[in-house]
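Asks: Submitted below is the structure of interest, expressed as C-alpha cells.
Every number in this text was worked out from the coordinates using simple rules, so none of it is lab data. Fair warning: this is a prediction, and the values are worked out from it, not measured in the lab. Here Cβ is always computed from backbone atoms with ideal geometry, including for glycine, and neighbour counts include all displayed protein chains.
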Amino acid sequence: MTHKLFRFAYACEFLLALIAIFTAWPEIGGQAALDAMHWAWKLGFGVILAGGMVGYTAAIVGEEKIMNARAARWLATIFLLALAMGVVTYYYALEAETSETEEPSGTVSIDHPSIPRVSAPA
C-alpha cells in the first residue's frame, strides 16, 4: 500500500473513531452527564482519543511486530484518556444529580401584599 492510501485510510479511521466515540460515550456515561459537561471537554477528549486510536494503528502497521514499544505507548495513552474521560464524566454525573435535588418540588406562587385579593362571588 502506498503512503497516500495509508493517509486516506488513517483519515477515514479518524472520522469513524469520532463517530464511534460520540455514539458510545452518552450510552456508557449517561446523557445527563454529557449535557451538563462543557463542550470543550467533550470535543477535546473525543478528538484526542480518535487521534490516539489512529496513532496506535499507525504504530502497529509501521513495524513488523504487532506489539512494539511505540504501539504500547499509544495503547497506554488510549487507556489513560479513557480513564480521564470516565473521571470527568463521573464528576459531571454527580453534579447533575445534586443540581436536580436542589430544585423545589411543587409550584411556587407569588403573593403581593400590596395588591388586594379579589374573591370569587359566592
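Asks: Arrange the following residues from fewest to most other Cβ atoms within 10 Å of their Cβ: 60, 28.
Replies: Values: 60 16, 28 10.
With the sparsest Cβ surroundings first, the list reads 28, 60.
Asks: What's the exposure ranking of 2, 77, going from fewest to most Cβ atoms within 10 Å?
Replies: 2, 77
Asks: Now a separate question. Quick one: the Cα spread of the stretch 1-107 along its three principal axes, in angstroms, biggest first?
Replies: For the stretch 1-107, the Cα spread along each principal axis is 67, 25, 19 Å.
Asks: I need the calculated FRET efficiency for the pair residue 31 and residue 8, taking r as the beta carbon distance and R₀ as 25 Å, to the nearest 0.05. Provide the component values of the computation, followed by the final result.
Replies: Details: r = 34 Å, r/R0 = 1.34.
The calculated FRET efficiency here is 0.15.
Asks: Compute, for the stretch 39-99, the length of the dipole vector about the Cα centre, with Cβ point charges of +1 (Lys, Arg) and -1 (Asp, Glu) only. Units Debye, rounded to 20. Spell out each step's value before the answer.
Replies: On the way: 4 positive and 4 negative charges, 40 e Å.
Magnitude of the dipole: close to 200 debye.
Asks: Using the beta-carbon distance between residue 18 and residue 68 and R0 = 22 Å, what value does 1/(1 + (r/R0)^6) give for FRET efficiency, to the nearest 0.05? Present the calculation step by step, with values, prior to reporting the outcome.
Replies: Numbers: r = 26 Å, r/R0 = 1.17.
Working from the Cβ atoms, E equals 0.30.
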